[in-house]
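Here the structure comes first, spelled out in structure tokens, and everything after it is commentary.
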Amino acid sequence: MSRPEELAPPEIFYNDSESKKYTESTRVQHIQAKMTLRALELLNIPDNSFILDIGCGSGLSGEILSEEGGHMWCGVDISPSMLATGLTRDLKGDLMLQDMGVGIPFRAGSFDAAISISAIQWLCNADTSYNDPKRRTMRFFNTLFAALKKGGKFVAQFYPKNDDQVDQILQAAKVAGFNGGLVIDDPESKKNKKFYLVLTSGSPNSQEEQVNLHGVTMDATELGEPMTNRARRTKRGKEIESSKSFINRKKELMRRRGRKVAQDSKFTGRKRRPRF
């Protein structure tokens, strides 16, 4: 079965009929509610926060934001049909037509937090010859970082096509200045496996405001601290880590993602002697 992003751009795929069918499906409503509640659990934010809903569609996730904690929210989406469907419903949030790959068009520090449900994987898809996925992903994370207040948090549930898309998203988030990593729910299940990108823009004001990672296992690809200028120079000079540590780090990452890799040995990363 083909993925939606492989069939057409989102503003075309989610036309009037598809938007109505998507919104009225009880199965979709249940799944959206479950994932939005999980995102709120990971965010761990106070009631009545101001939240940006990225890829809000017809407002299914926004309804949960209003019901749980009385959050105020603003949603952005690229599909006019999805937004038009949302306008026919009794939503408490504001809706805006916007392509997230072009950027988040809000004043710096506007939002306490942001969520995105089943949307950011579209950034990794080249819909047209002039759309560069890497540039769109970088533009998205750079402008999102600016739109969040200091210590603001972002949780995105998404469906990556492969490991390259995961790495592309994580790298763009790191370069933009975010800290955090990847949370994978039900990693052993093919049907119920869910990816959650959990990020913070700087340090929270208190221990209570940190993201809620109690009882979850982070993927090995944690972002850590943003690179300093010195670290960037070191990386360009290829002195940041040895080949052995690089291989071991990649192997551990693959293990955590359920891949089979060769066992470690004393010969891991060892340079071969030339034969004459």
Given (1) open to solvent by less than 20 Å² (accessible area, probe 1.4 Å); (2) not in a loop (DSSP other than H, G, I, E, B), Ser58 misses just (2)
Checked Leu37, Leu65 against criteria (assigned to a helix (DSSP H, G or I), free of Cβ contacts under 8 Å to residues at least 40 places away in the same chain and closer than 25 Å to Asp99 by Cα); the one match is Leu37
Counting only residues in region 94-118 that are assigned to a strand (DSSP E or B) and in contact (Cβ under 8 Å) with a residue 40 or more places away in the chain, the one surrounded by the fewest Cβ atoms within 10 Å (Cβ to Cβ) is identified as Asp112
When Ile51 is run through (1) open to solvent by 10 Å² or more (accessible area, probe 1.4 Å); (2) outside any helix (DSSP H, G or I), the failure sits at (1)
Scanning region 1-48 residue by residue, those among the polar types (S, T, N, Q), closer than 20 Å to Asp127 by Cα, open to solvent by 40 Å² or more (accessible area, probe 1.4 Å) and in contact with a helix residue (DSSP H, G or I) (Cβ under 8 Å, 6 or more places away or on another chain) turn out to be Asn15
When region 127-150 is checked residue by residue, the ones that are within 24 Å of Ser58 (Cα to Cα) and part of a loop (DSSP other than H, G, I, E, B) are Asp127
With the first residue restricted to region 6-28 and required to be on the phi < 0 side of the Ramachandran plot, and the second required to be assigned to a loop (DSSP other than H, G, I, E, B) and at pLDDT below 85, Cβ contacts under 7 Å at 6 or more apart or on different chains are Pro9/Asp127
Ser81 passes all but one of the listed conditions (1) touching a strand residue (DSSP E or B) at 6+ places or on another chain (Cβ under 9 Å); (2) open to solvent by less than 30 Å² (accessible area, probe 1.4 Å); (3) more than 15 Å from Val155 (Cα to Cα); the exception is number (1)
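Give Leu91, Leu42 a once-over and let me know the one that is assigned to a loop (DSSP other than H, G, I, E, B) and of a type in the set (A, V, I, L, M). Give the derivation first.
Working: Leu42 fails: assigned to a loop (DSSP other than H, G, I, E, B).
Being assigned to a loop (DSSP other than H, G, I, E, B) and of a type in the set (A, V, I, L, M) holds for just one of Leu91, Leu42, which is Leu91.
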Taking region 70-88 and keeping only residues that are within 29 Å of Asp132 (Cα to Cα), part of a helix (DSSP H, G or I) and under 24 Å from the mean Cα position of the chain (by Cα), one is left with Pro80, Ser81, Met82, Leu83
Somewhere in region 119-142, is a residue open to solvent by 20 Å² or more (accessible area, probe 1.4 Å) and in contact with a strand residue (DSSP E or B) (Cβ under 7 Å, 6 or more places away or on another chain)? no
### Query
Based on what the data block shows, is Pro160 surrounded by fewer than 21 Cβ atoms within 10 Å (Cβ to Cβ), in a loop (DSSP other than H, G, I, E, B) and within 11 Å of the chain's Cα centre (by Cα)?
yes
Out of (1) under 25 Å from Phe111 (Cα atoms); (2) modelled with pLDDT under 95; (3) not acidic (Asp, Glu), the one Gln165 does not meet is (1)
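The values are calculated or read from the model by the stated rules, or taken from the named source; none is laboratory data. Keep in mind it's a predicted model, so treat the numbers as computed, not measured. Ideal geometry is used to build each Cβ from the backbone, glycine not excepted, and the neighbour counts take in all protein chains shown. Heavy atoms of the whole protein, side chains included, go into the accessibility calculation; ligands, DNA and RNA do not. Shrake-Rupley method; radii C 1.70, N 1.55, O 1.52, S 1.80 Å.
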